[in-house]
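To start, the structure itself, in structure tokens.
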Number of protein chains: 2
Amino acid sequence: MPSPFKKIDSSDLVFFKSVLPDHVFTNEEQLQRCASDQTEDLNYVPEVVLQPDTVTEVSAIMKYCNGKNIPVTPRGAGTGLSGGALAVYSGVVLDMRRFNKILKLDKRNFQVTTEPGVITQELQEHVLAEGLFYPPDPASKGSCFIGGNVAENSGGPRAVKYGVVKDYVLNIEMVLPYGNVIWTGANVLKNATGYNLTQLIVGSEGTLGIITKIVLRLIPAVKHDLLLLVPFRSAVEACAAVNAIFLAGYIPSALEFMERDALLWSMHYVQATGISLPEDIQAHLLIEVDGNNKEQLYADIESISAIMQQYDTGEILFADSHEQKQMLWNLRRKVGEAVKSNSIYKEEDTVVPRAELPELLRIIKEIGKEYGFRSVCYGHAGDGNLHVNIVKGDMSDEDWNGKLPLGIRKLFKEVVRLGGTISGEHGIGLVQKEYMDIAFDTVQTQLMKQIKQVFDPNGILNPGKIFP
Amino acid sequence: MPSPFKKIDSSDLVFFKSVLPDHVFTNEEQLQRCASDQTEDLNYVPEVVLQPDTVTEVSAIMKYCNGKNIPVTPRGAGTGLSGGALAVYSGVVLDMRRFNKILKLDKRNFQVTTEPGVITQELQEHVLAEGLFYPPDPASKGSCFIGGNVAENSGGPRAVKYGVVKDYVLNIEMVLPYGNVIWTGANVLKNATGYNLTQLIVGSEGTLGIITKIVLRLIPAVKHDLLLLVPFRSAVEACAAVNAIFLAGYIPSALEFMERDALLWSMHYVQATGISLPEDIQAHLLIEVDGNNKEQLYADIESISAIMQQYDTGEILFADSHEQKQMLWNLRRKVGEAVKSNSIYKEEDTVVPRAELPELLRIIKEIGKEYGFRSVCYGHAGDGNLHVNIVKGDMSDEDWNGKLPLGIRKLFKEVVRLGGTISGEHGIGLVQKEYMDIAFDTVQTQLMKQIKQVFDPNGILNPGKIFP
């Protein structure tokens, strides 16, 4: 596409080097590293990679680029699944990896202030050492950055009980295109002071400003958890069983669904032993409960187990040792990578009201038949968030590029009809933007575009994302 | 002030009557009813009160008023504490009381869709009858509307464990000034699809659109609760004790603070018997725990009680009967009315990180001495939200209008210095807008004003609110 932006020239590089003497990169290795993320097989090569580590540097870069009409794409760890960190108009990738400090753990107030380039799991472990808990745990928690999590409003298995990233962000320091640095709110648990800029920034995918500090609320660490793996002979019935747990009054700390192939491929991928997958099993639920009262937990998991046995299930696996639990969680977390290693694929991030899951799964398979694609479904069934991995397999390139998008469009329309929407936790980014018209009409889209313009009048911030 | 808006004339009334034949009011009684809310002794008389009960009617009214430059102030039950529902430029009050239907209780999905004019407590009881729980419970829950709660992002005692209104709103149907009707999101528990318009509308105080439907998430009803009333000989120590509970790993379902006068005045106001207030007691904490495991609750409340006894406390009152609990909660809920019945007053809605409460209380009293005002403090200590009721008593009008605002300004500056902000749950509305510059600088304010302009280019929606 013809770029509406200025190409970077030697004078721009001179300026960047004046701000960041040792952290301006134009070598092939760095450009290529920042050319892709975990989304399909996309590749967009930036012109330069900048690695600032102070707010002042970010401010100077933004002001300069805004004045020169140079596009800036912020980048976290590159684990995104919607292409949000890709510089589709080239220009600058603002690589935030050096913003990697946990600035303050305020144990008295159950708050942590962190820079965006901290790995989520490291942040979790850091606060846990002080008896505190930051629950959101995307599958990529071992490598993703907290800043990317905030930008995409990530979820993960524990969202079903503890909520998603947005439920933990109290305040954000960000740099606007003109170089101004603002805080979006205050470090408080409740706030009725002006518009909620904080929640506007969470999930805005780097299109409104550059996040430089994040204040998160924390909760007391939870002492115990127990895990069940429940095999079902019918995948649709597994989805139906999800809701029975909630209707009985239980809120598990995780409630994950995996179709047979998801588990099977993951088992191969991680070379799992010690788990069997009988031929008649079509899907699994992975159910975790947590709390501080161990007896209560055992009673709860027994009740949940009894509810499950009202369905056509195989032998339920109960895990209470650390090793067993790790093994099962690892299988679940690796499904995405396993599918990726198997075939070219597209991952859709559908989300519906929880009770509509069985209907959603039925529709996915029906549309798959109609449009000739195979899908492997898994995800956070407890919040109605089903990842649909469409595998290319032996589909022709023509069908993959031409026919499949029509099938996805049909699927998303059904999702919206069920009260759901097109992304639960991955964001719209690049790969879902052509479907945004299904979720939002022109009035809503126009409001969002105008909000974008308020923050970024010249449109230099992560251009080409979210909006069709 | 000279109004930038058109006065309503007979042709406007003809139009309004064509839309709402029986619900256009210009009689003194209706105009006066809508001229005030629960904020101090303010009085702003509108020109006309309209009571639509369909989205189509709201749309027609908005489109007309927007075209004619007539200001529209939406009104719920008029229980607000920041003057948000007052028509400061006169014009139309859009009285939403006929939007009083609970449209759908989706028990399968733990969701309820309601119109905004439903009384919050009635909504709570309606969902509770089906075993579901909508936690946010402002003190005015018996008379306030859920729409007003959403507009102000209300809190209440249970916010400390369950969060505020924003944590329960999934989706909002609203009418924009040009008459367009939009939904802000989807009926899902997680959503990473475009900007979070839903959270932008929650707490926007009727300045961005007219809320016509609200989808709330619900949680399973909780079976048991227990209550403690803990008297302290030092009010600052009571504030310090709050944090000790959290540091020990407990999250009460309510943790309320009342200064001696707050409780005393409320006792007189409700003519409470069966509770004594020894002379050496300076403050109380009201502590509730809830859950489904009764034994665990008794164990928790005993532990909390033991933590409290490390401070200089009086005799702790333990309430487990329905009557006792009702009596104590009634005392707490009536504090606001009791103070109001005692004297002209101003209520500030300060909020700080929880552990800063003792310092906040100390500062309030110090500034009170300096500026010559007496204050009665109470509120939701568990989330650091302290209501500061400044009683006029025998303060001169000159000091009340001239000196006091300087004292409040100093207080708010201290609040912000402590990491807090100027409103936790009441909103900015009319009475706090002159202090907004303390919470936000010109860049932040400008962003908010421009967002306002995106939604309401002609500025007809609830003008004169939030922004100085």
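A few comments on the model shown:
- Distance (nanometres) between label positions extended 7 Å along Cα→Cβ at B:VAL443 and A:ALA306: 5.9 nm
- Shape call, region A:224-336: gyration tensor on alpha carbons, a/c limit 1.5: oblate
- Residue-level accessible surface for B:LEU227, protein heavy atoms, 1.4 Å, Å²: 0 Å²
- Taking B:VAL14, B:VAL202, B:VAL270 and ordering them by how much accessible surface each has at a 1.4 Å probe, largest first, produces B:VAL14, B:VAL270, B:VAL202.
- Highest mean first, the peptides A:6-12, A:191-197 sorted by other C-beta atoms within 10 Å per residue fall in the order A:191-197, A:6-12.
- Sparsely packed loop sites in region B:126-192 (the GluC sites (Glu not before Pro) outside DSSP H, G, I, E and B with at most 15 other Cβ atoms within 10 Å) comprise B:GLU130.
- Whether region A:277-357 is rounded, prolate or oblate, judged on the alpha carbon gyration tensor where a/c under 1.5 counts as rounded: prolate
- Average other protein chain Cβ within 10 Å of Cβ, residues B:403-412: 0
- Think of each Lys and Arg Cβ as +1 and each Asp and Glu Cβ as -1; about the Cα centre, that makes the dipole of the protein assembly as shown roughly 1580 debye.
- Remark on B:GLU348: its backbone amide H falls under 5 Å from those of B:VAL388, B:ASN389, B:ILE390, a criterion applied only to residues 5 or more positions apart or on other chains, H modelled at 1.01 Å from N.
- Surface composition of the protein assembly as shown: carbon and sulfur make up 48 percent of the accessible area, probe 1.4 Å.
- Global form of region A:42-151, assessed from the alpha-carbon gyration tensor, a/c cut-off 1.5: oblate
- Sum of side-chain charges, B:ILE201 neighbourhood, beta-carbon under 11 Å (Lys, Arg +1; Asp, Glu -1): -1
- Shielding score for A:418-429, defined as the mean number of other chain Cβ atoms within 10 Å: 5
- Ranked by solvent-accessible area (1.4 Å probe, protein heavy atoms only, all chains present), the residues B:LEU328, B:LEU13 order from largest to smallest as B:LEU13, B:LEU328.
- Neighbouring partner chain Cβ atoms per residue of A:450-457, average, 10 Å criterion: 4
- Charged neighbours of B:ALA85, selected by a Cβ distance under 13 Å, balance to 0 (K, R count +1; D, E count -1).
- Over all other residues within a Cβ to Cβ distance under 12 Å of B:ARG362, the charged ones net out to -3, with Lys and Arg as +1 and Asp and Glu as -1.
- Structure note, pairs B:LYS161/B:LYS413; A:LYS166/B:LYS452; A:LYS63/B:LYS449; B:LYS68/B:LYS452; B:LYS161/B:LYS392; B:LYS161/B:LYS449: Cα-Cα distances above 24 angstrom occur for B:LYS161/B:LYS413; B:LYS161/B:LYS392; B:LYS161/B:LYS449.
- At R0 = 51 Å, FRET efficiency that the Cβ-Cβ distance of B:LYS63 and A:GLN271 yields, to 0.05: 0.20
- For the chain pair A and B, buried accessible area totals roughly 6100 Å², probe 1.4 Å, rounded to the nearest 100.
- Of interest is the spacing of the C-alpha centroids, which for region B:123-190 and region A:45-95 amounts to 38 Å.
- For B:LEU81, A:LEU128, the ranking by accessible surface with the largest value first comes to A:LEU128, B:LEU81, using a 1.4 Å probe.
- Annotation: amide H-H contacts under 5 Å for A:LEU103 (H modelled 1.01 Å from N, sequence separation of 5 or more, or interchain): A:THR113, A:THR114, A:GLU115.
- Rounded to whole Hz, the Karplus (6.51, -1.76, 1.60) HN-Hα couplings of region B:93-107, x for glycine and proline: 9, 8, 8, 8, 4, 7, 7, 10, 10, 7, 7, 7, 9, 8, 5
- Residue-level accessible surface for B:ASP397, protein heavy atoms, 1.4 Å, Å²: 100 Å²
- Working note: 222 nm ellipticity from helices only, DSSP H runs with n ≥ 4, each -39,500 (n - 2.57), summed and divided by the residues of the protein assembly as shown, gives -10000 deg cm²/dmol to the nearest 500.
The values are calculated or read from the model by the stated rules, or taken from the named source; none is laboratory data. Fair warning: this is a prediction, and the values are worked out from it, not measured in the lab. In this analysis, Cβ positions are derived from the backbone assuming ideal geometry, glycine residues included, and neighbour counts consider all displayed protein chains. The protein model used for the area step is the full one, side chains on, heavy atoms only, and it has no ligands, DNA or RNA in it. Shrake-Rupley method; radii C 1.70, N 1.55, O 1.52, S 1.80 Å.
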